[in-house]
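Asker: Here it is, the structure, as structure tokens.
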Amino acid sequence: MRVNYQDLAKTVAALTEGETDEVALMATVVCELHHADDRFDWTGFYRVTEPEVLKIGPYQGGHGCLVIPFSRGVCGAAARTNETQLVDDVEAFPGHIACSSSTRSEIVLPVHNAKGAVIGVLDIDSDQPAAFDEEDAMALESLLAQVFGKL
Ligand code: SME
């Protein structure tokens, strides 16, 4: 099953109408995303809780590491560079943090608030190699702007 991002955006909009709590919004996005696509084996947010530090937020899948400095991992790279990270082969990514040995590819996107500040990252891991593409990146960036760009 492959996600229909247009339908998912409408569902998330309906479920989160009027909600401004960051964690509630993250939990809803993760739940709807994770169950929408067979490629998504771990779906979760890391939040910026202090300068240069990410801490785990709502997620679905096996346990994830709790704290990631901006200097480490794919998540740190997304937060540090403010750019979406599309990783076809996690073993080829310098400093990749393996929360699961089965992960083969990953996409990580910075999450911005209304002021454009990075408030966290969305991390989706797949056990399939090269599972993500530019269509995923654009659609996920749009979804994140829809949900968190109002905060
Ligand atoms: N792979 C991520 C770490 C988070 S676990 O995958 C849930 C990284 O390299 O930053």
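Asker: Scan segment 98-117 residue by residue and report those that are within 26 Å of A145 (Cα to Cα), of a type outside the set (G, A, S) and open to solvent by less than 40 Å² (accessible area, probe 1.4 Å). Walk me through it before giving the result.
Answerer: To start, the set of residues in segment 98-117 that are within 26 Å of A145 (Cα to Cα) comprises 105-117.
Then drop every residue that is not of a type outside the set (G, A, S), which leaves 106-113, 115.
Result: E106, I107, V108, L109, P110, V111, N113.
Asker: Which residue, of A130, A79, is of a type in the set (A, V, I, L, M, F, W, C), exposed (fewer than 14 other Cβ atoms within 10 Å of the Cβ) and not in a strand (DSSP E or B)? Break it down stepwise before answering.
Answerer: Details: A79 fails: exposed (fewer than 14 other Cβ atoms within 10 Å of the Cβ).
Being of a type in the set (A, V, I, L, M, F, W, C), exposed (fewer than 14 other Cβ atoms within 10 Å of the Cβ) and not in a strand (DSSP E or B) holds for just one of A130, A79, which is A130.
Asker: Does at least one position in segment 7-18 carry a residue that is among the acidic types (D, E), outside any helix (DSSP H, G or I), more than 14 Å from the chain's Cα centre (by Cα) and within 17 Å of A117 (Cβ to Cβ)?
Answerer: The answer is no; no qualifying residue exists.
Asker: Moving to a separate point now. Filter segment 37-64 down to the residues that are open to solvent by 20 Å² or more (accessible area, probe 1.4 Å), in contact with a Phe, Trp or Tyr (Cβ under 9 Å, 6 or more places away or on another chain) and not in a strand (DSSP E or B) and list them by number.
Answerer: P51, E52, G61, G62
Asker: Which numbered condition in (1) without any contact (Cβ under 8 Å) to a residue 24 or more places away in the chain; (2) part of a loop (DSSP other than H, G, I, E, B); (3) exposed (fewer than 12 other Cβ atoms within 10 Å of the Cβ); (4) not polar (S, T, N, Q) is the only one that E91 fails?
Answerer: Every condition holds for E91 apart from (2).
The values are calculated or read from the model by the stated rules, or taken from the named source; none is laboratory data. All of these numbers come straight from a predicted model, not from anything done at the bench. Positions of Cβ are backbone-derived with ideal geometry, glycine not excepted, and every protein chain shown enters the neighbour counts. Just the protein is used for accessible areas: all its heavy atoms, side chains included, with ligands, DNA and RNA removed. Shrake-Rupley method; radii C 1.70, N 1.55, O 1.52, S 1.80 Å.
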